[in-house]
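The values are calculated or read from the model by the stated rules, or taken from the named source; none is laboratory data. What you are looking at is a predicted structure, and each value in this text was computed from that prediction instead of being measured. Heads up, the Cβs are rebuilt from the backbone with ideal geometry, glycines too, and the neighbour counts pull from every protein chain shown. Each accessible area value is taken on the protein alone, full model and side chains, heavy atoms only, with ligands, DNA and RNA left out. Shrake-Rupley method; radii C 1.70, N 1.55, O 1.52, S 1.80 Å.
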Amino acid sequence: MHIPDGFLNVATVAATYVVSTGGVSYAVKEANKKLKEKHVPLMGVLAAFIFAAQMLNFPIVGGTSGHLIGAALAAILLGPWAAVLIMSCVLIAQSLIFQDGGLLALGANIFNMGIIASFSAYFIYRLATSVLGDGKRGRLIAGFIGAWGSVVVASVACAIELALSGASPLAVVLPAMIGLHAIIGIGEALITGAALSLVLAARADLWQLQKV
Amino acid sequence: MKWWHIALIVCLLVAVISPLASSSPDGLERVAEDEGFLAQAEDSPYQVIADYVFPGIENEVVATILAGLIGTLILFGIACGIAWLVKSRREERAG
(Lines give C-alpha, C1' and ligand atoms only; values in the text may rest on other atoms or scores of the structure.)
Protein backbone atom coordinates (compact mmCIF):
# COMPACT_ATOMS: atom_id res chain seq x y z
CA MET A 1 0.00 0.00 0.00
CA HIS A 2 3.04 2.27 -0.46
CA ILE A 3 1.78 5.36 -2.31
CA PRO A 4 4.25 6.55 -4.99
CA ASP A 5 4.70 10.23 -5.79
CA GLY A 6 2.25 11.62 -8.32
CA PHE A 7 -0.96 10.15 -6.86
CA LEU A 8 -1.54 12.78 -4.17
CA ASN A 9 -2.14 16.50 -4.63
CA VAL A 10 -0.25 19.24 -2.79
CA ALA A 11 -2.94 19.80 -0.14
CA THR A 12 -3.07 16.09 0.78
CA VAL A 13 0.74 15.84 0.80
CA ALA A 14 0.96 18.87 3.11
CA ALA A 15 -1.84 17.77 5.44
CA THR A 16 -0.51 14.22 5.85
CA TYR A 17 3.05 15.50 6.45
CA VAL A 18 1.77 17.81 9.20
CA VAL A 19 -0.28 15.09 10.90
CA SER A 20 2.46 12.45 10.61
CA THR A 21 5.16 14.82 11.89
CA GLY A 22 2.95 15.57 14.88
CA GLY A 23 2.22 11.88 15.43
CA VAL A 24 5.86 10.83 15.27
CA SER A 25 6.89 13.68 17.61
CA TYR A 26 4.28 12.56 20.12
CA ALA A 27 5.46 8.95 19.74
CA VAL A 28 9.01 10.08 20.63
CA LYS A 29 7.61 11.86 23.71
CA GLU A 30 5.69 8.76 24.83
CA ALA A 31 8.72 6.54 24.22
CA ASN A 32 10.80 8.95 26.26
CA LYS A 33 8.45 8.36 29.21
CA LYS A 34 7.82 4.62 28.95
CA LEU A 35 10.41 2.88 26.79
CA LYS A 36 12.95 0.92 28.86
CA GLU A 37 16.24 -0.82 28.14
CA LYS A 38 14.38 -4.13 27.77
CA HIS A 39 12.30 -2.76 24.88
CA VAL A 40 15.36 -1.84 22.77
CA PRO A 41 16.22 -5.22 21.15
CA LEU A 42 12.54 -5.96 20.55
CA MET A 43 12.16 -2.62 18.72
CA GLY A 44 15.14 -3.57 16.51
CA VAL A 45 13.93 -7.10 15.83
CA LEU A 46 10.40 -5.93 14.96
CA ALA A 47 11.71 -3.30 12.52
CA ALA A 48 14.02 -5.89 10.91
CA PHE A 49 11.25 -8.49 10.69
CA ILE A 50 8.68 -6.05 9.28
CA PHE A 51 11.14 -4.87 6.63
CA ALA A 52 12.05 -8.42 5.57
CA ALA A 53 8.46 -9.71 5.68
CA GLN A 54 7.20 -6.73 3.64
CA MET A 55 9.45 -7.89 0.78
CA LEU A 56 7.55 -11.19 0.63
CA ASN A 57 4.52 -10.39 -1.50
CA PHE A 58 2.01 -13.22 -1.47
CA PRO A 59 -0.40 -13.75 -4.37
CA ILE A 60 -4.12 -13.18 -3.77
CA VAL A 61 -6.81 -13.21 -6.47
CA GLY A 62 -6.69 -12.05 -10.09
CA GLY A 63 -2.97 -11.43 -10.57
CA THR A 64 -2.74 -9.21 -7.51
CA SER A 65 -0.44 -9.57 -4.52
CA GLY A 66 -0.28 -8.27 -1.00
CA HIS A 67 2.30 -8.06 1.74
CA LEU A 68 2.45 -7.67 5.49
CA ILE A 69 2.17 -4.16 6.90
CA GLY A 70 3.34 -5.25 10.34
CA ALA A 71 1.90 -2.37 12.38
CA ALA A 72 -0.52 -4.76 14.11
CA LEU A 73 2.25 -7.09 15.29
CA ALA A 74 4.27 -4.16 16.65
CA ALA A 75 1.27 -2.45 18.27
CA ILE A 76 0.01 -5.62 19.95
CA LEU A 77 3.44 -6.55 21.34
CA LEU A 78 4.77 -3.10 22.26
CA GLY A 79 1.87 -0.64 22.15
CA PRO A 80 0.70 1.82 19.47
CA TRP A 81 3.24 4.64 19.97
CA ALA A 82 6.19 2.24 19.84
CA ALA A 83 4.60 0.77 16.70
CA VAL A 84 4.40 4.25 15.13
CA LEU A 85 8.17 4.65 15.72
CA ILE A 86 8.98 1.22 14.28
CA MET A 87 6.77 1.72 11.21
CA SER A 88 8.25 5.18 10.62
CA CYS A 89 11.78 3.72 10.61
CA VAL A 90 10.73 1.06 8.09
CA LEU A 91 8.78 3.45 5.83
CA ILE A 92 11.47 6.16 5.84
CA ALA A 93 14.20 3.62 4.97
CA GLN A 94 12.01 2.08 2.23
CA SER A 95 11.36 5.49 0.69
CA LEU A 96 14.91 6.92 0.98
CA ILE A 97 16.98 3.80 0.20
CA PHE A 98 14.71 1.38 -1.68
CA GLN A 99 12.55 3.86 -3.65
CA ASP A 100 9.41 2.11 -2.36
CA GLY A 101 6.86 4.79 -1.51
CA GLY A 102 7.34 8.36 -2.75
CA LEU A 103 9.27 11.07 -0.91
CA LEU A 104 6.29 13.45 -1.05
CA ALA A 105 3.91 10.60 -0.22
CA LEU A 106 5.97 9.61 2.85
CA GLY A 107 3.72 11.62 5.18
CA ALA A 108 0.65 9.79 3.87
CA ASN A 109 2.38 6.40 4.02
CA ILE A 110 3.43 6.98 7.65
CA PHE A 111 -0.11 8.17 8.42
CA ASN A 112 -1.79 5.11 6.80
CA MET A 113 0.59 2.25 7.59
CA GLY A 114 2.13 3.76 10.73
CA ILE A 115 -0.40 5.77 12.70
CA ILE A 116 -3.77 4.49 11.39
CA ALA A 117 -2.75 0.82 11.12
CA SER A 118 -1.07 0.78 14.58
CA PHE A 119 -3.95 2.43 16.42
CA SER A 120 -6.72 0.52 14.66
CA ALA A 121 -4.93 -2.77 15.37
CA TYR A 122 -4.37 -1.83 19.00
CA PHE A 123 -7.95 -0.72 19.66
CA ILE A 124 -9.51 -3.71 17.88
CA TYR A 125 -7.13 -6.02 19.78
CA ARG A 126 -7.99 -4.42 23.15
CA LEU A 127 -11.70 -4.54 22.38
CA ALA A 128 -11.48 -8.19 21.30
CA THR A 129 -9.48 -9.29 24.38
CA SER A 130 -12.05 -7.58 26.62
CA VAL A 131 -14.66 -9.92 25.07
CA LEU A 132 -12.52 -13.04 24.50
CA GLY A 133 -10.42 -12.85 27.64
CA ASP A 134 -6.70 -12.31 28.14
CA GLY A 135 -5.69 -16.00 27.88
CA LYS A 136 -3.45 -17.37 25.13
CA ARG A 137 -6.39 -18.26 22.93
CA GLY A 138 -8.13 -14.93 23.44
CA ARG A 139 -4.98 -12.97 22.71
CA LEU A 140 -4.20 -14.89 19.52
CA ILE A 141 -7.74 -14.57 18.15
CA ALA A 142 -7.77 -10.87 19.09
CA GLY A 143 -4.41 -10.44 17.36
CA PHE A 144 -5.79 -12.12 14.26
CA ILE A 145 -8.83 -9.80 14.15
CA GLY A 146 -6.76 -6.71 14.97
CA ALA A 147 -4.29 -7.48 12.18
CA TRP A 148 -7.06 -7.96 9.61
CA GLY A 149 -8.84 -4.79 10.73
CA SER A 150 -5.65 -2.70 10.59
CA VAL A 151 -5.18 -3.46 6.88
CA VAL A 152 -8.79 -2.66 6.00
CA VAL A 153 -8.84 0.60 8.00
CA ALA A 154 -5.48 1.66 6.49
CA SER A 155 -6.87 1.00 3.00
CA VAL A 156 -9.86 3.24 3.81
CA ALA A 157 -7.48 6.07 4.80
CA CYS A 158 -5.50 5.52 1.59
CA ALA A 159 -8.67 5.55 -0.54
CA ILE A 160 -9.84 8.82 1.07
CA GLU A 161 -6.46 10.47 0.34
CA LEU A 162 -6.61 9.30 -3.29
CA ALA A 163 -10.17 10.63 -3.65
CA LEU A 164 -9.29 13.98 -2.01
CA SER A 165 -6.38 14.26 -4.46
CA GLY A 166 -8.71 13.72 -7.40
CA ALA A 167 -7.00 10.50 -8.53
CA SER A 168 -10.31 8.64 -8.56
CA PRO A 169 -13.81 9.28 -7.15
CA LEU A 170 -14.39 7.96 -3.61
CA ALA A 171 -17.39 5.86 -4.73
CA VAL A 172 -15.02 3.95 -7.03
CA VAL A 173 -11.71 3.83 -5.18
CA LEU A 174 -13.11 3.11 -1.69
CA PRO A 175 -14.88 -0.19 -2.48
CA ALA A 176 -11.99 -1.25 -4.75
CA MET A 177 -9.41 -0.67 -2.00
CA ILE A 178 -11.54 -2.26 0.74
CA GLY A 179 -12.36 -5.29 -1.42
CA LEU A 180 -8.74 -6.17 -2.17
CA HIS A 181 -7.43 -5.32 1.30
CA ALA A 182 -10.09 -7.41 3.02
CA ILE A 183 -8.36 -10.35 1.28
CA ILE A 184 -4.78 -9.09 1.83
CA GLY A 185 -5.75 -8.60 5.50
CA ILE A 186 -6.22 -12.37 5.86
CA GLY A 187 -2.53 -12.77 4.98
CA GLU A 188 -1.66 -10.07 7.53
CA ALA A 189 -3.77 -11.89 10.14
CA LEU A 190 -2.13 -15.27 9.44
CA ILE A 191 1.43 -13.90 9.58
CA THR A 192 0.68 -11.83 12.70
CA GLY A 193 -0.97 -14.83 14.36
CA ALA A 194 2.01 -17.06 13.53
CA ALA A 195 4.49 -14.48 14.85
CA LEU A 196 2.48 -13.98 18.06
CA SER A 197 2.27 -17.77 18.63
CA LEU A 198 6.03 -17.98 18.19
CA VAL A 199 6.52 -15.23 20.80
CA LEU A 200 4.13 -17.02 23.17
CA ALA A 201 5.95 -20.32 22.73
CA ALA A 202 9.52 -19.00 22.91
CA ARG A 203 9.53 -15.80 24.99
CA ALA A 204 6.06 -15.08 26.40
CA ASP A 205 7.63 -12.51 28.78
CA LEU A 206 8.32 -10.17 25.82
CA TRP A 207 4.57 -9.77 25.41
CA GLN A 208 4.32 -8.63 29.03
CA LEU A 209 6.56 -5.58 28.65
CA GLN A 210 4.91 -2.26 29.45
CA LYS A 211 2.98 -0.96 26.43
CA VAL A 212 4.25 2.29 24.93
CA MET B 1 23.17 -16.52 22.57
CA LYS B 2 20.60 -13.92 23.53
CA TRP B 3 17.02 -14.31 22.25
CA TRP B 4 17.38 -11.43 19.85
CA HIS B 5 20.40 -13.01 18.15
CA ILE B 6 18.17 -15.92 17.15
CA ALA B 7 15.32 -13.56 16.24
CA LEU B 8 17.62 -11.49 14.01
CA ILE B 9 18.82 -14.66 12.25
CA VAL B 10 15.16 -15.57 11.58
CA CYS B 11 14.64 -12.09 10.07
CA LEU B 12 17.71 -12.53 7.84
CA LEU B 13 16.36 -15.93 6.71
CA VAL B 14 13.10 -14.22 5.73
CA ALA B 15 15.17 -11.77 3.66
CA VAL B 16 16.99 -14.71 2.01
CA ILE B 17 13.71 -16.21 0.75
CA SER B 18 12.48 -12.81 -0.53
CA PRO B 19 13.16 -13.70 -4.22
CA LEU B 20 10.21 -16.13 -3.86
CA ALA B 21 7.86 -13.14 -3.47
CA SER B 22 5.02 -12.70 -5.96
CA SER B 23 5.86 -10.02 -8.53
CA SER B 24 2.19 -9.25 -9.23
CA PRO B 25 1.06 -5.66 -8.52
CA ASP B 26 -0.05 -5.07 -4.92
CA GLY B 27 -3.54 -3.98 -3.88
CA LEU B 28 -2.97 -0.24 -4.41
CA GLU B 29 -1.17 -0.76 -7.76
CA ARG B 30 -4.01 -3.00 -8.94
CA VAL B 31 -6.62 -0.35 -8.05
CA ALA B 32 -4.51 2.37 -9.70
CA GLU B 33 -4.28 0.27 -12.86
CA ASP B 34 -7.99 -0.63 -12.93
CA GLU B 35 -9.11 2.94 -12.24
CA GLY B 36 -6.64 4.43 -14.72
CA PHE B 37 -4.38 6.56 -12.52
CA LEU B 38 -1.30 4.29 -12.41
CA ALA B 39 0.38 6.41 -15.12
CA GLN B 40 0.38 9.38 -12.71
CA ALA B 41 3.07 7.62 -10.62
CA GLU B 42 6.40 9.42 -10.79
CA ASP B 43 9.81 7.80 -10.45
CA SER B 44 12.06 8.84 -7.62
CA PRO B 45 14.55 11.62 -8.52
CA TYR B 46 17.39 9.30 -7.50
CA GLN B 47 17.96 5.57 -6.94
CA VAL B 48 19.94 3.79 -4.23
CA ILE B 49 18.73 0.16 -4.03
CA ALA B 50 15.61 0.75 -6.15
CA ASP B 51 12.89 -1.93 -6.01
CA TYR B 52 14.93 -4.07 -3.62
CA VAL B 53 17.48 -5.04 -6.28
CA PHE B 54 21.10 -4.25 -5.40
CA PRO B 55 22.58 -2.36 -8.37
CA GLY B 56 25.46 -3.72 -10.45
CA ILE B 57 24.75 -7.41 -9.84
CA GLU B 58 23.61 -9.35 -12.88
CA ASN B 59 21.96 -12.24 -11.04
CA GLU B 60 18.64 -10.78 -9.87
CA VAL B 61 18.11 -13.43 -7.17
CA VAL B 62 21.47 -12.59 -5.59
CA ALA B 63 20.81 -8.84 -5.97
CA THR B 64 17.41 -9.21 -4.24
CA ILE B 65 18.81 -11.29 -1.38
CA LEU B 66 21.64 -8.80 -0.88
CA ALA B 67 19.18 -5.88 -0.82
CA GLY B 68 17.02 -7.75 1.69
CA LEU B 69 19.93 -8.60 4.00
CA ILE B 70 21.27 -5.03 3.91
CA GLY B 71 17.84 -3.56 4.60
CA THR B 72 17.11 -5.97 7.44
CA LEU B 73 20.41 -5.14 9.16
CA ILE B 74 19.93 -1.39 8.56
CA LEU B 75 16.43 -1.50 10.09
CA PHE B 76 17.65 -3.48 13.11
CA GLY B 77 20.42 -0.94 13.66
CA ILE B 78 18.27 2.15 13.14
CA ALA B 79 15.38 0.96 15.32
CA CYS B 80 17.69 -0.15 18.15
CA GLY B 81 19.60 3.13 17.89
CA ILE B 82 16.47 5.28 17.98
CA ALA B 83 14.94 3.20 20.79
CA TRP B 84 18.16 3.53 22.80
CA LEU B 85 18.32 7.29 22.19
CA VAL B 86 14.72 8.07 23.12
CA LYS B 87 14.25 5.53 25.92
CA SER B 88 13.46 6.69 29.41
CA ARG B 89 16.53 7.49 31.54
CA ARG B 90 14.51 7.53 34.76
CA GLU B 91 15.78 4.16 36.04
CA GLU B 92 19.39 5.12 35.60
CA ARG B 93 18.94 8.45 37.43
CA ALA B 94 17.12 6.77 40.31
CA GLY B 95 19.77 4.04 40.50
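Look at B:SER22 and say whether it is modelled with pLDDT under 95 and either at the interface with another protein chain (Cβ under 7 Å from one of its Cβ atoms) or in a helix (DSSP H, G or I) (or both). Judged against the criteria, B:SER22 is not a match. In segment B:1-16, which residues are within 20 Å of A:PHE58 (Cβ to Cβ) and either among the basic types (Lys, Arg) or within 7 Å of another protein chain (Cβ to nearest Cβ) (or both)? Residues satisfying the conditions are B:CYS11, B:VAL14, B:ALA15. Put simply, of A:GLY44, A:GLY70, A:GLY63 the only residue that is within 20 Å of A:GLY149 (Cα to Cα) and not polar (S, T, N, Q) is A:GLY70.
For B:GLY56, the conditions (1) more than 7 Å from chain A (Cβ to nearest Cβ); (2) farther than 22 Å from A:THR64 by Cβ; (3) part of a helix (DSSP H, G or I) all hold with the exception of (3). Taken over segment A:61-76, the residue count meeting the criterion of being more than 7 Å from every other protein chain (Cβ to nearest Cβ) and surrounded by fewer than 22 Cβ atoms within 10 Å (Cβ to Cβ) is 2. Against the conditions (1) at the interface with another protein chain (Cβ under 8 Å from one of its Cβ atoms); (2) farther than 13 Å from A:MET1 by Cβ; (3) out of contact with any Cys (no Cβ under 9 Å at 6 or more places or on another chain); (4) open to solvent by 10 Å² or more (accessible area, probe 1.4 Å), A:HIS39 satisfies every one except (4).
Of the residues that sit in segment B:65-95 and are open to solvent by 20 Å² or more (accessible area, probe 1.4 Å) and outside any helix (DSSP H, G or I), which one is modelled with the lowest pLDDT? Among those residues, the one meeting the criterion is B:GLY95.
Tallying residues that are touching a residue at least 12 places away in the same chain (Cβ under 8 Å), more than 17 Å from A:ASN112 (Cα to Cα) and either facing chain B (nearest Cβ under 10 Å) or exposed (fewer than 15 other Cβ atoms within 10 Å of the Cβ) (or both) within segment A:168-190 yields 1. Any residue in segment A:136-157 that is among the aromatic types (Phe, Trp, Tyr) and either within 18 Å of B:PRO25 (Cα to Cα) or at pLDDT below 95 (or both)? The answer is no, given that none of the residues of segment A:136-157 is among the aromatic types (Phe, Trp, Tyr) and either within 18 Å of B:PRO25 (Cα to Cα) or at pLDDT below 95 (or both).
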